[in-house]
Amino acid sequence: MNDLCSKITEKYRDAILDSVDDARPIARAILTRRILNRYTPFPKTNKKPDEFAGGGLIRFEQIENSPNGYLVAPYIWIWIFVEISQQQGDPILRDWEFADYEEQRALLNPVTSLQAKSWQSFEKFVASFRCIKSAVIEEDELVTISVFTREHV
């Protein structure tokens, strides 16, 4: 998976580098499923959601027949944007493990039955994901409680 991430980063370097300054707002909007207006500049940038989606790395999913929607990206792109964010000195998502092969090896090896079970790992994942969502909300920013609910996970 690490090799795939490196190859994709290299192949799409120009598109990714165009997004370096926008990595945190993009990751933040995707993780919180923030409702955006297609014709209004994106928070913390001067670009509209369609401008981020224009390169094809990110999609703007429109809500029914309204100009509103949210950004969606594959896991690998979130991984890349988080790495960019970390290189910029931004600690957002710093503790997220994108390539957790140890857990998969443990699940496949019957000898490691004393290790955490998959449901325990899932509980840890859910708790850490909620912490991440909290971290991407700006200080003193008003949000609805639904940002943290099941429909937004």
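Bear in mind that the values in this text are calculations on the coordinates, not laboratory data. All of these numbers come straight from a predicted model, not from anything done at the bench. As a convention, Cβ positions derive from the backbone with ideal geometry for all residues, glycine included, and neighbour counts pool all protein chains shown.
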note = Neighbour-count ranking for 61, 51 (other C-beta within 10 angstrom, fewest to most) reads 61, 51
task = For residue 131 and residue 61, calculate 0.36 nm times their separation in residues minus their Cα-Cα distance, and state this gained length in nm to one decimal.
result = 22.7 nm
request  = Convert each backbone phi in the range 67-79 into a coupling constant with the Karplus relation 6.51 cos²θ - 1.76 cosθ + 1.60 (shift: θ = phi - 60°), then list the ³J(HN,Hα) values in order as whole Hz, x for Gly and Pro.
outcome  = x, 8, x, 9, 8, 9, 8, x, 3, 4, 6, 4, 4
ask   = By counting other Cβ atoms within 10 Å of each Cβ, how are 83, 123 ranked from fewest to most?
value = 123, 83
message = Need one number: nm distance between label points at residue 72 and residue 123, each 7 Å from Cα along Cα→Cβ, rounded to one decimal.
response = 3.2 nm
ask   = Got a sec? How would 82, 20 order by Cβ neighbour count within 10 Å, fewest to most?
value = 20, 82
